[in-house]
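The values are calculated or read from the model by the stated rules, or taken from the named source; none is laboratory data. This structure is a prediction, so every number in the text was calculated from the model and none was measured. Cβ: placed from backbone, ideal geometry, glycine included. Neighbour counts: every protein chain shown. Heads up: the accessible areas ignore ligands, DNA and RNA and are worked out on the full protein's heavy atoms, side chains in. Shrake-Rupley method; radii C 1.70, N 1.55, O 1.52, S 1.80 Å.
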Amino acid sequence: MIVNNTVDFVAGRGTINLIHQQNKESYNLERGDVIRVPAGALIYLINRDSNDKFQIASLFQPVSTPTNTFREFFGVGGENPESFFNVFSDEILEAAFNTERERLDKVFRQQRQGEIVEASQEQIRALSRDASSSQEGGHIWSRRGSRSSRGPYNLLNKRPTHSNEFGQLHEVDGNDYSQLQDLDVAVTFHNIKQGAMVAPFYNSKATSLVVVVEGRGRFEMACPHVSSSKRQRSQGRREYEQEEEREESGSAHYQRVSARLSPRTAFIVPAGHPVSIVASDNQNLQIVAFKINVENNQRNYLAGQENVLNQLEREAKELAFNMPAKEVEAIFNNQRQSVFLPGPNQRQQREEGRHGGLLLDTIKDVFMF
Amino acid sequence: MIVNNTVDFVAGRGTINLIHQQNKESYNLERGDVIRVPAGALIYLINRDSNDKFQIASLFQPVSTPTNTFREFFGVGGENPESFFNVFSDEILEAAFNTERERLDKVFRQQRQGEIVEASQEQIRALSRDASSSQEGGHIWSRRGSRSSRGPYNLLNKRPTHSNEFGQLHEVDGNDYSQLQDLDVAVTFHNIKQGAMVAPFYNSKATSLVVVVEGRGRFEMACPHVSSSKRQRSQGRREYEQEEEREESGSAHYQRVSARLSPRTAFIVPAGHPVSIVASDNQNLQIVAFKINVENNQRNYLAGQENVLNQLEREAKELAFNMPAKEVEAIFNNQRQSVFLPGPNQRQQREEGRHGGLLLDTIKDVFMF
Amino acid sequence: MIVNNTVDFVAGRGTINLIHQQNKESYNLERGDVIRVPAGALIYLINRDSNDKFQIASLFQPVSTPTNTFREFFGVGGENPESFFNVFSDEILEAAFNTERERLDKVFRQQRQGEIVEASQEQIRALSRDASSSQEGGHIWSRRGSRSSRGPYNLLNKRPTHSNEFGQLHEVDGNDYSQLQDLDVAVTFHNIKQGAMVAPFYNSKATSLVVVVEGRGRFEMACPHVSSSKRQRSQGRREYEQEEEREESGSAHYQRVSARLSPRTAFIVPAGHPVSIVASDNQNLQIVAFKINVENNQRNYLAGQENVLNQLEREAKELAFNMPAKEVEAIFNNQRQSVFLPGPNQRQQREEGRHGGLLLDTIKDVFMF
């Protein structure tokens, strides 16, 4: 039983069974499937592959309760994990099951194998026999005849939001998969090609919880902190500036947050925090991100052809950068790709190819203007 | 004035008056009435019965304010309870009422009798004269001619959700009584017959705030706490188990929470906490529960004919309980009732009747299989 | 970039530019304009008036993030304010812009003039050239051809909710300006004429964040605190009162909160807190209030013709004030105005005019009854 709503992203081949007051649902899961498990459902999972792992990355959205908000895993059957049945007093259990405690003990104290038990091939076949899958539309008919929409949705089968030679971005939200609507959650999958990177960007209001599925790389994020010391006043003040307002506005100071990435590394990118992610040179980097608070969220890029700063007027560029607009534009237009870009080492190689090495940098500057 | 939304469950016979910016509403209340009082309304209550108490169990949903979230009772008239009028300065009060302070004192300092005052029979008749009731559909026409839907809804007049010889369950939510919709609240009433019990169950996402209205009994609840000490590893491990995932999953340890129940005892049953309630042997136990966070909530039973575990496949039962499925099913089917069950002492009596005492238990086991 | 939703109230003449992933919007703003700025938008503001200040009162509604909830102001261009671009490592920046660090430094380290820079008349003209305004319906066509509804709404052009010789009240909420709907926010503007006051009132569930725009005056507010010492028991108890309930009900004690008001003073009026505001005798007091949690909010007046207490029945007045209803009503009817009332000094002057001074108060009392 899981007393939370969860959204799961799947790797490997397995089966999930959900039991509710009303009915039982059973789905075969495969790589890229996203499924929501409603709060309070009894679930059990089966690995259908005898050689490979069955892995799930889960977002838990706790149901608010006065006493606990954490996830709970427990068995129904035995002492390891402990069954909640064993908490009730003998007389209540005996009355509830109309059965003596000695016989109940056989049921509720037998299972001591831990949370994960080995099943025979026959048991696995039986338990996944009636399961439907995302391939079949991700939907089944429930026992009571009403069409269920609880089945999985395969994120990787959806057309990528962005795709070029440096990577692909897949995204599913409540518009594609209605189960995500009331949770205000989206799931994205980045496949960053080896040596490539994601252009620096920020989400306007969504926060991302990111997990590495495969590959290695690193990320850098700009994290704002109001500096504790009063920042030095500039000489550029004019009379029309309001003293009072300036005193109040806490000017931001940024810190870089960065880390190496490898499978199962997790990190959080809060709303409004510019971030860039780079794949290692010898392996694609695949990451899944659960995005919360996604309604009306916008993904704003800070480099590449989709750089939001390209929308500044000439005069705004002059004032913001204190240099001729055409020089700003020349630099902003240097990057011809968008979203997925050649990474640091790829760029250097190309540069070397084109210019014969870094010594020509100064000359290139002269050429440019 | 109550700066909260409240949902009230009524015992006794009274009248409630609500005053708003727009109009005044007046309702006669009787046992089983549920009424929502909107935040910020001025209310006053009248006991119309000269012999009996007029009792209300209220759920307060505080309006979020920066400085206080607690309930407030105060009078408009005097010094006990203190009127908020007395806080304003003389000159503001004098200007507001266009009247000198000395005369205002007569109004705002006269009442010193406390929050509850005695009214004459004439006053009570006058104050409840224009009141409507849940019998009349629970709705009245407001002064401005628009149909009001603020009136009470009688929970006990609604057909029970479940009823058998051991008890009745009545429930009202936003579908029945639209005033509960935006609060995401439901109200339930359990009448547990003497000696009977409610089958262990949990709410999938709702939390219940329970108050005993009449009778005596007790409840038992399983409360999960992550055990602080690393749980002992079982020998049952297999290679395909992932070390990392197991380390992360906080396995649940359960504690029993239980208490005796008597009128006006209150307790909370958080979401996902299995609970069972037993009536005393000589009196029906009547309890009202305010359920919050009810949208899509499911009530999952853990014993009786509606036991969710009955939906497990044979193979899942074998794996979960580590014993032949048919033995599990035999025990689960022993209890022929659902929701309201014979309680511990009733079961014992029947057993004695059928088998001539507990000595036959062993024999019964043999009979069963 | 502002990682918050904001609602702004404008004084002066300026232009706001908003940049998003999708498009750029530009609006000329003038006194009384209300505009919502979506979370995560890049904005810049221009003062179009060479003589006058351009002032904005903003309500920030933080986007919930794990690490910060405060507002952030920062530049895109330079070192003061620090650009977030400077946080990324050289190699990521170089790859992102496909440009060497030395050239990037020219762009990202040039601007050192602080958050507010002086623009030439030509630049200001260019930056406000394509802007639309609330006069034009507050709406423009976005680049992609879909009609935008992000433009400003002029609060002062809306018919006042209440207006008399002592003041005007303007109010805009999500019904008038759809951008406020999902924020559950309203904006009000009180123009309290010199010497006049706002009748004591409370909001049933909204909390107001108030800023003085112009003028001077003061406010008084009743703030409830549960008194720590057990309040003295009255003698007025009757048998039908329930001991238990009385013990539980925390009776409120009130404190007066008051302060002088002058331009840019801000204060908060939580839900359910009665408040009165008085203008100085020689200048109108103009205040803007951002109201949060406004859905179904009611503004309940406690004096004047709209006094909610006028709706009490005669018998309720007798019981609440412990004096004949007709005396209560005589006092409540003394104030013929509603919402905006003559203030303390105006009242005194009138009184002196009518009665020849305060000495006649006693006689007036006699006249009255």
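Cβ-Cβ contacts under 6 Å between residues 6 or more apart (or on different chains), taken from a first residue in the stretch C:96-124 that is assigned by TED's automatic domain parsing to the domain that holds C:Leu45 and of a type in the set (Lys, Arg) to a second residue that is surrounded by fewer than 17 Cβ atoms within 10 Å (Cβ to Cβ) and at pLDDT 80 or above, are absent.
B:Glu313 falls short on exactly one of the conditions (1) within 7 Å of another protein chain (Cβ to nearest Cβ); (2) closer than 29 Å to B:Val187 by Cβ, and that condition is (2).
Acidic (Asp, Glu) and more than 19 Å from A:Glu220 (Cα to Cα): does that describe C:Glu94? The answer is no for C:Glu94. No other residue among C:Phe290, C:Phe321 is surrounded by 20 or more Cβ atoms within 10 Å (Cβ to Cβ), of a type in the set (Phe, Trp, Tyr) and more than 17 Å from the chain's Cα centre (by Cα) apart from C:Phe321. Would you pick out the residues in the stretch C:215-230 that are modelled with pLDDT of 95 or more and open to solvent by 40 Å² or more (accessible area, probe 1.4 Å)? Hits for the stretch C:215-230 are C:Arg216, C:Arg218. Flag not set for B:Gln113, criterion: facing chain C (nearest Cβ under 7 Å), out of contact with any Phe, Trp or Tyr (no Cβ under 9 Å at 6 or more places or on another chain) and at pLDDT 85 or above. Is it the case, given these coordinates, that C:Ser276 is in contact with a Gly (Cβ under 8 Å, 6 or more places away or on another chain) and crowded, with 17+ Cβ neighbours inside 10 Å? Answer is no for this residue.
Quick one: would you say B:Leu156 is at pLDDT 90 or above and assigned to a strand (DSSP E or B)? Break it down stepwise before answering.
Values: at pLDDT 90 or above: yes; assigned to a strand (DSSP E or B): no.
Taking the combined requirement at face value, the residue does not satisfy it.
Could you say whether any residue in the stretch B:277-285 is at pLDDT 95 or above and facing chain A (nearest Cβ under 8 Å)? Among the residues of the stretch B:277-285, at least one is at pLDDT 95 or above and facing chain A (nearest Cβ under 8 Å), which makes the answer yes. Among the criteria (1) assigned by TED's automatic domain parsing to the domain that holds C:Leu341; (2) small (Gly, Ala, Ser); (3) at pLDDT below 90, the one C:Ser148 does not fulfil is (1).
Taken over the stretch B:286-296, the criterion of being at pLDDT 90 or above and at the interface with chain A (Cβ under 8 Å from one of its Cβ atoms) is satisfied by B:Asn293 alone. Note on the stretch A:36-52: among residues that are open to solvent by less than 20 Å² (accessible area, probe 1.4 Å) and touching a helix residue (DSSP H, G or I) at 6+ places or on another chain (Cβ under 8 Å), the one that is farthest from the other protein chains (Cβ to nearest Cβ) is A:Ile46. If you go through the stretch C:297-310 and keep only what is more than 8 Å from every other protein chain (Cβ to nearest Cβ) and within 17 Å of B:Ile43 (Cβ to Cβ), you end up with C:Asn307, C:Asn310.
Working only within the stretch A:328-340, note down all residues that are at the interface with chain C (Cβ under 7 Å from one of its Cβ atoms) and open to solvent by 20 Å² or more (accessible area, probe 1.4 Å). Give the steps one after another, and end with the answer.
Quick first cut of the stretch A:328-340, residues at the interface with chain C (Cβ under 7 Å from one of its Cβ atoms) only: A:328, A:331, A:334-335.
Answer for the stretch A:328-340, where residues must be at the interface with chain C (Cβ under 7 Å from one of its Cβ atoms) and open to solvent by 20 Å² or more (accessible area, probe 1.4 Å): just A:Asn334.
Out of the residues in the stretch B:178-187 that are out of contact with any Leu (no Cβ under 9 Å at 6 or more places or on another chain) and open to solvent by 10 Å² or more (accessible area, probe 1.4 Å), which is nearest to B:Ser338 (Cα to Cα)? Checked the stretch B:178-187; the qualifying residue nearest to B:Ser338 (Cα to Cα) is B:Asp184.
Residues in the stretch A:176-214 that are closer than 30 Å to C:Ser83 by Cα and hydroxyl-bearing (Ser, Thr, Tyr) were compared, and the one that is modelled with the lowest pLDDT is A:Ser204. For beta carbons closer than 8 Å, sequence separation of 6+ or different chains, a first residue in the stretch B:319-341 that is assigned by TED's automatic domain parsing to the domain that holds B:Leu302 and small (Gly, Ala, Ser) and a second that is modelled with pLDDT of 95 or more and surrounded by fewer than 19 Cβ atoms within 10 Å (Cβ to Cβ), the qualifying pairs are B:Ser338/B:His162; B:Ser338/B:Asn164.
Counting just the residues of the stretch A:300-311 that are open to solvent by 10 Å² or more (accessible area, probe 1.4 Å) and in contact with a Phe, Trp or Tyr (Cβ under 8 Å, 6 or more places away or on another chain), which one comes out farthest from A:Ser163 (Cα to Cα)? Even if it seems obvious, please write down each step before you answer.
Applying the first criterion (open to solvent by 10 Å² or more (accessible area, probe 1.4 Å)) to the stretch A:300-311 yields A:301, A:305-306, A:310-311.
Narrowing the set further to residues that are in contact with a Phe, Trp or Tyr (Cβ under 8 Å, 6 or more places away or on another chain) leaves A:301, A:310.
On the way: A:Tyr301: 15, A:Asn310: 21 Å.
For the stretch A:300-311, the residue satisfying everything is A:Asn310.
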